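Each value in this text was obtained by applying a stated rule to the coordinates, not by laboratory testing. Source: prediction; values computed, not measured. Neighbour counts run over all protein chains shown; Cβ positions are idealised from the backbone, glycine included.
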Amino acid sequence: MNPEIERRRTFAIIAHPDAGKTSLTEKLLLFGGQIQVAGAVKSNKIKKTATSDWMDIEKQRGISVTTSVMEFDYHNYKINILDTPGHQDFAEDTYRTLTAVDSVIIVVDGAKGVETQTRKLMEVCRMRKTPVIIFVNKMDREAKDPFDLLDELEEELAIQVRPLTWPIESGPRFQGVYNIYEQSLNLFRPSKQVVTEKVAVDINTEELEANIGKNLADKLRSELELIEGVYPEFDRSTYLDGDLAPVFFGSALNNFGVEELLDTFVEIAPSPRTTRTEERVIQPDEAPFTGFIFKITANIDPNHRSCIAFCKVCSGKFQRGTPYYHVRHGKTMRFSNPTQFMAQRKTTIDEAWAGDIVGLPDNGTFKIGDTLTEGEKLHFRGIPSFSPEMFKYIENADPMKQKQLSKGIDQLMDEGVAQLFVNQFNGRKIIGTVGQLQFEVIQYRLQNEYNASCRWEPLSLYKACWIESDDAAELESFKKRKYQYMAKDRDGRDVFLADSNYVLQMAQMDFKHIKFHFTNEF
């Protein structure tokens, strides 16, 4: 295996909203030496905001709206983090990100335990056999009993667990974390913004009592005995197969348990793995370069109105200025300034290896799912785009700004934030999203990034489904009968906008030869 590829670790941090993903990302960057002082997601005292929440709307709301890509070096490893939005209205962005990572860290709130969004995300990881590490956060607040938490994780996420660190109490009594994997106890002073000195303590001597008191020392020793008796030994291959999840405890806000997580993670997490395409399976250490686009972001730099396409390198080595083949367009392209990211800050790079995420400047040439190779025709699959569940007409609120509005809508739709349909009956534009919050984000970004104002008009629809059929005559008669409810998507494909579940079921019964698809990948 190529040593460059071997030292890559590409992973996503996923969780329910407010479990502390962005705070954990911020502390990993702190330990990686990328930032000197940690920012906060929302706080009155700390004026610096979190690095990965760089959009204005993210700073105002205190939530992540888009996946941020960050990379740094740590102990001779090259780490690529993707901090994803937890809010279910942006779940699509998170699902797409999971296609580009080799492993996942799931953050769970110690007081709330497993929440709905965490379950859904875990299902996607199980489908793809992605190795999972669980970080139980917020132990500095009153939390559930750690053993109860482990039982809940096993039951709710349907995966075997094995604790690799163990908390000493929780809430105001929280003293720190014992590292079972390395059999060492480190005590820190809590600090929200910098890394403090740690004290190493030997737990088999009276040094432990001196630091945390007799009661807690006895409790810790008996709990560790219990863990050894109840949970299987940690086995790395079972973890890599996606059947065992190591569990870490800590408090991202106060830096407890974060370094233990990072040190163990770089040691046990997988280096880049194989990738499936329609034609064959791609090994990361193959010499020819291959990669696919999993995300497009408009306006990373508001002064330049530029779009960036994020390309995950799947095999070989990407080199600046080398011509690569764009499979969908069937032509070669050169990239003179590919970039690497630290959230919004970007630097130009000369090369990237399998596992890295490269930003390519995009002026409308890329779509999500596009493949780049050295000439071989490959098609990556499994980047989903779901059928929207909420619909509104989008109207121009300022006739003088028509051009800005249509450019803004175009670039935001390229990102996959939402989907655009044009009604064939009246020619009006319809935006479909998975959640209500996306409409507010679109309106805000159009106003602030493109200086275009829009207004929404209500539209009650049940679902959008893509239709296709081998029977041309039946397809034609369906379109005639439903002409008020027919639309085209951005690729010119036929979409049926069903206004109720009943209408959809009747259509499926009446037209036997028409296939109705609920994701646009078929």
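Data for the structure
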{"quantity": "Cut-off 17 Å, label 7 Å out along Cα→Cβ of ASP145, residues of the stretch 213-232 by amide N", "calculated": "216, 219-231"}
{"quantity": "Tilt relative to the chain, helix 402-414 - C-alpha long axis, 0 to 90 degrees, to 10", "calculated": "50 degrees"}
{"quantity": "DSSP bridge pairs, the chain: antiparallel proportion in percent, nearest 5", "calculated": "75 percent"}
{"quantity": "Candidate aspartates and glutamates for bridging to LYS429, where Cα separation is under 19 Å - those fewer than 8 sequence places away on the same chain excluded", "calculated": "GLU389, GLU395, ASP398, ASP410, ASP414, GLU415, GLU440, GLU457, ASP489, ASP491, ASP494, ASP499"}
{"quantity": "Mean Cα-pair separation over length for the stretch 227-301, i.e. relative contact order, pairs under 8 Å, 6 or more apart, %", "calculated": "14 percent"}
{"quantity": "Segment LYS377-MET509, length gained on full extension (0.36 nm per residue, minus Cα span)", "calculated": "43.6 nm"}
{"quantity": "Listed residue (LEU185, SER251, ILE212) projecting farthest to the positive dipole end of the chain, Cβ model", "calculated": "SER251"}
{"quantity": "Trypsin sites (Lys or Arg not before Pro) lying in DSSP loop within the stretch 240-281, provided at most 15 other Cβ fall within 10 Å", "calculated": "ARG280"}
{"quantity": "Mean shadow area of the stretch 93-162 over all directions, Cα convex hull, nm²", "calculated": "4.8 nm²"}
{"quantity": "Between the stretch 353-430 and the stretch 473-522, the alpha-carbon center distance in angstrom", "calculated": "22 Å"}
{"quantity": "Table column - 3J(HN,Hα) (Hz), the stretch 19-29, Karplus curve with 6.51, -1.76, 1.60, x for Gly and Pro", "calculated": "7, x, 4, 5, 5, 5, 4, 4, 6, 5, 5"}
{"quantity": "Too-long pairs where the Cα-Cα distance tops 31 Å, listed order kept, from LYS144/LYS295; LYS407/LYS463; LYS129/LYS367", "calculated": "LYS144/LYS295"}
{"quantity": "Summed side-chain charge close to TYR502 - residues other than TYR502 whose Cβ falls under 15 Å, Lys, Arg +1, Asp, Glu -1", "calculated": "0"}
{"quantity": "Net charge contributed by nearby residues that have their C-beta within less than 13 Å of GLU395 (K/R +1, D/E -1)", "calculated": "+3"}
{"quantity": "The chain: relative contact order as a whole-number percent, Cα under 8 Å and 6+ apart", "calculated": "13 percent"}
{"quantity": "Leading residue at positive end of dipole, the chain (Cβ point charges), from PHE511, MET400, LEU360", "calculated": "MET400"}
{"quantity": "Point-charge dipole on Cβ atoms (K/R +1, D/E -1) for the stretch 376-430, about Cα centre, debye to 20", "calculated": "140 debye"}
{"quantity": "Convex hull volume per residue in cubic angstrom - Cα atoms of the chain", "calculated": "164 Å³"}
{"quantity": "Positive dipole terminus of the chain, leading residue within ILE168, TYR325, ILE134 (C-beta point charges)", "calculated": "TYR325"}
{"quantity": "Calculated FRET value between MET400 and THR365, using beta carbons and R₀ = 45 Å, to 0.05", "calculated": "0.90"}
{"quantity": "Net lengthening on full extension, HIS75/ARG126 (0.36 nm per residue, minus Cα-Cα)", "calculated": "15.4 nm"}
{"quantity": "Difference of contour (0.36 nm per residue) and Cα-Cα distance, THR116 to ALA158", "calculated": "13.8 nm"}
{"quantity": "Pairwise label distance in nanometres, ASP491 with HIS326, each label 7 Å out on the Cα-Cβ vector", "calculated": "1.6 nm"}
{"quantity": "Sum of -39500 (n - 2.57) over DSSP H runs of 4+, divided by residues of the chain (222 nm, nearest 500)", "calculated": "-8000 deg cm²/dmol"}
{"quantity": "Two-site FRET efficiency, LYS219 against GLU351, from Cβ-Cβ distance with R₀ of 45 Å, rounded to 0.05", "calculated": "0.30"}
{"quantity": "Spatially proximal aspartates and glutamates relative to LYS214 (Cα-Cα < 19 Å; intrachain offsets below 8 disregarded)", "calculated": "GLU169, ASP202, GLU206, GLU223, GLU225"}
